[in-house]
Amino acid sequence: MSRPDLLEQIYTIVDQIPAGRVTTYGRIAAMTEGATPRMVGTAMRKLPEGNTLPWHRVVSATRRVADHGGAQRQMEKLREEGIVVDAHRRIPTHLFWP
DNA sequence: ACTATGACTAACT
DNA sequence: AAGTTAGCCATAG
């Protein structure tokens, strides 16, 4: 499988995360054929500004919103769909998908 | 071709 | 419990 295929797989999986739930870079990587968590992060970073993909529902394995330029915007989007992020940017365990 | 850098993680201290 | 380290590999310069 080529790298472009992996990218497509990553985006397909992210698109399937239900509203109000989240998952991790590592879990997404594990659902593909050979992608690494870093590649998933890279894929999210490449997304254009106005995309429809629910990229904000992807968090780190430590259950925290990853540290990046749009972290603030990500938390805002999460709050919009009812996901409460605590003062340490952490997500409640029961909201994880699958 | 080579180095540096990251929206990562699991394993150790 | 909180840092550090070693792997990771696509991108960018």
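The values are calculated or read from the model by the stated rules, or taken from the named source; none is laboratory data. Predicted model only: the values in this text are computed from it and were never measured. When we count neighbours, we look across all protein chains shown, and the Cβ atoms used for this are built from the backbone with ideal geometry, even at glycine. The area values use the complete protein model at the heavy-atom level, side chains included, leaving out ligands, DNA and RNA. Shrake-Rupley method; radii C 1.70, N 1.55, O 1.52, S 1.80 Å.
So the values come out like this:
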{"item": "With every protein chain in place, the range A:3-95: carbon and sulfur % of accessible area (1.4 Å)", "result": "52"}
{"item": "Rounded accessible area per residue of chain A, 1.4 Å, Å²", "result": "60"}
{"item": "Rounded to whole Hz, the Karplus (6.51, -1.76, 1.60) HN-Hα couplings of the range A:71-80, x for glycine and proline", "result": "4, 5, 5, 5, 5, 4, 5, 5, 5, 4"}
{"item": "Relative contact order (%) - chain A, alpha-carbon pairs under 8 angstrom, separation at least six", "result": "31"}
{"item": "Separation in nanometres of the label points that stand 7 Å from Cα toward Cβ, at A:Gln16 and A:Ala61", "result": "2.2"}
{"item": "Selected from A:Val58, A:Val85, A:Val40 as most flexible by GNM, with chain A as the system and alpha-carbon contacts under 10 Å", "result": "A:Val85"}
